[in-house]
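Have a look at the structure below, then the notes.
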Amino acid sequence: MNKPPDETTFRRAPKPAGTPRRNSSALPGTGSAGTSRLNKRMAELGMASRREADDWIARGWVKVNGEVAAMGMQVKPDARIEINKQAQGQQANQVTILVNKPMGIVSGQAEDGHLPAVTLIQPQNRWVEDNARFFFHPKQLQSLVPAGRLDIDSIGLLVLTQDGRVARQLIGEDSVMEKEYLVRVTYGGLPSGASGDAELGEIHENDPVTQNVQAVFPTAQLARLRHGLALDAQALKPARISWQNPEQLRVVLTEGKKRQIRRMCELVGLKVVGLKRVRIGKVMLGNLPLGQWRYLAPHEGF
């Protein structure tokens, strides 16, 4: 059956005959017959965020197997899900914005007198070299939320988006998106109880090594930093860490615990004195000036 010209259809290819069905009844939003809630299924297919899907379903903009969908309905994995042109148009108008966040600005809600990053999104702060063919409109600030955090003391690439698909890609439960940082450090010696080179034990935290840190930092501790640490009683995923220069590390993570890099460094005697995020997925901070922003262009993707 041909689909209507004003609708987009998403359908997973059928499984080969004889493929056992996974019993997922214990998963949230999953039914006992291998079905799942429609909003959850739409999010899995990358059609929309769950909240966005619920809004579309409530407006009658979603069909399942040719019938207008009901809120909270369960669907099978091979269900044909369609969204109409109103939903497509609403999604096309959503923006994703890249900010080079300065120190003293918080990622999300204002706190302790510090301004949130969204306050930087004003026409006068738009990068003059932004080539994206978007015009700024105050409506773009509605539902514009950070897709991930960047500490108040850190600078660099922060993503703000109206698009739930982008947020899920960057911070969803199953996200393994790489995030790359340049981290300037000093070395104050190993914490009490940590093993390391004996001749370096005399370094005192009140008189840290600030130059050529690479030369005095134990190689065994660099190995631990890459893989072998735990935070909040959970083992950390392996990280790619190397020396960018004698005072600065290049760190690539695929997870994002609160103040993770700073806390990791503390466990091996390092103190972070400067932290800058320079990449998320395939998107680089590049030459975007501090405190300015640009649109994620249509041809770009994380």
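Would you mind telling me which numbered condition in (1) surrounded by fewer than 21 Cβ atoms within 10 Å (Cβ to Cβ); (2) part of a strand (DSSP E or B); (3) among the aliphatic types (A, V, I, L, M); (4) in contact with a Leu (Cβ under 7 Å, 6 or more places away or on another chain) M177 fails?
Tallying (1) surrounded by fewer than 21 Cβ atoms within 10 Å (Cβ to Cβ); (2) part of a strand (DSSP E or B); (3) among the aliphatic types (A, V, I, L, M); (4) in contact with a Leu (Cβ under 7 Å, 6 or more places away or on another chain), M177 fails exactly one: (2).
Taking R133 as the residue in question, decide whether it is modelled with pLDDT of 95 or more and within 22 Å of N287 (Cβ to Cβ).
Answer is no for this residue.
Limited to segment 249-271, what total is found for residues that are surrounded by fewer than 17 Cβ atoms within 10 Å (Cβ to Cβ) and polar (S, T, N, Q)?
Here the count works out to 1.
Any idea which of (1) among the polar types (S, T, N, Q); (2) modelled with pLDDT under 85; (3) surrounded by 12 or more Cβ atoms within 10 Å (Cβ to Cβ) is the one T19 doesn't satisfy?
Among (1) among the polar types (S, T, N, Q); (2) modelled with pLDDT under 85; (3) surrounded by 12 or more Cβ atoms within 10 Å (Cβ to Cβ), the lone unmet condition for T19 is (3).
Considering only residues that are polar (S, T, N, Q) and without any contact (Cβ under 8 Å) to a residue 40 or more places away in the chain, look in segment 111-168 and name the one that is farthest from Q88 (Cα to Cα).
Selected residue: Q124.
Kindly indicate the residue of segment 92-123 that is in contact with a Leu (Cβ under 7 Å, 6 or more places away or on another chain) and in a loop (DSSP other than H, G, I, E, B) and also nearest to R165 (Cα to Cα) among those meeting that condition.
S107
Being surrounded by 13 or more Cβ atoms within 10 Å (Cβ to Cβ), under 20 Å from V268 (Cβ atoms) and at pLDDT below 90 is the requirement here; does L182 meet it?
Answer is no for this residue.
Which of the residues spanning segment 22-47 are modelled with pLDDT of 80 or more and among the basic types (K, R)?
R37, K40, R41
Give the residues of segment 132-155 that are closer than 13 Å to L98 by Cα and either β-branched (V, I, T) or loosely packed, with under 12 Cβ neighbours inside 10 Å (or both), sorted by residue number.
V145, I155
Report, by residue number, each residue of segment 98-113 that is modelled with pLDDT of 90 or more, out of contact with any Lys or Arg (no Cβ under 7 Å at 6 or more places or on another chain) and aliphatic (A, V, I, L, M).
V99, M103, I105, V106
In the set A233, A215, which member is out of contact with any strand residue (DSSP E or B) (no Cβ under 6 Å at 6 or more places or on another chain), exposed (fewer than 12 other Cβ atoms within 10 Å of the Cβ) and touching a residue at least 24 places away in the same chain (Cβ under 8 Å)?
From the options A233, A215, the qualifying one is A215.
Can you tell me which residues in segment 49-87 are closer than 17 Å to G164 by Cα and part of a strand (DSSP E or B)?
Of everything in segment 49-87, those that are closer than 17 Å to G164 by Cα and part of a strand (DSSP E or B) turn out to be V62, I83.
The values are calculated or read from the model by the stated rules, or taken from the named source; none is laboratory data. Since the structure is predicted, the reported quantities are computational estimates derived from the model, not experimental observations. Because the Cβ atoms are built from the backbone with ideal geometry, glycine has one as well, and the counts that use them run over all protein chains shown.
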